[in-house]
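The values are calculated or read from the model by the stated rules, or taken from the named source; none is laboratory data. As the structure is a computational prediction, the values presented were derived from the model and not from experiment. With ideal geometry, Cβ positions are generated from the backbone for all residues, glycine too; neighbour counts draw on all protein chains shown. Heads up: the accessible areas ignore ligands, DNA and RNA and are worked out on the full protein's heavy atoms, side chains in. Shrake-Rupley method; radii C 1.70, N 1.55, O 1.52, S 1.80 Å.
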Amino acid sequence: MKKLKFSKKHEKYCMQCVHGKLLEYSDEVFCSKKGFVDKFGKCFKYKYDPLKRTPEDASASKEFKPEDFEL
């Protein structure tokens, strides 16, 4: 069975849609179907674009011990 890198369950926001373009200096998205909309908006024309996904921050707060670096 193939492992998925990303979860199938994701929020359907306009900022991750194929039709939307996130505006640089505001919290709006220009949608080719609906015009200017909120980046957390939703509509029936939504189509997911995986390249617009922003990954969660990986926390590097792991504490290492000297035993972790021994051979």
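Figures for the structure shown
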quantity: Pairs, first polar (S, T, N, Q) in region 42-56, second surrounded by 10 or more Cβ atoms within 10 Å (Cβ to Cβ), C-beta under 9 Å, six or more apart; calculated: Thr54/Met15; Thr54/Gln16
quantity: Filtered residues of region 26-56 (kept if over 10 Å from Cys14 (Cβ atoms), among the acidic types (Asp, Glu) and open to solvent by 50 Å² or more (accessible area, probe 1.4 Å)); calculated: Asp27, Glu56
quantity: Sole residue being modelled with pLDDT under 85 and at negative phi, chosen from Leu4, Leu22, Leu51; calculated: Leu4
quantity: Residue ID - modelled with the lowest pLDDT, chosen from residues in region 57-69 that are open to solvent by 100 Å² or more (accessible area, probe 1.4 Å) and over 28 Å from Gln16 (Cβ atoms); calculated: Lys62
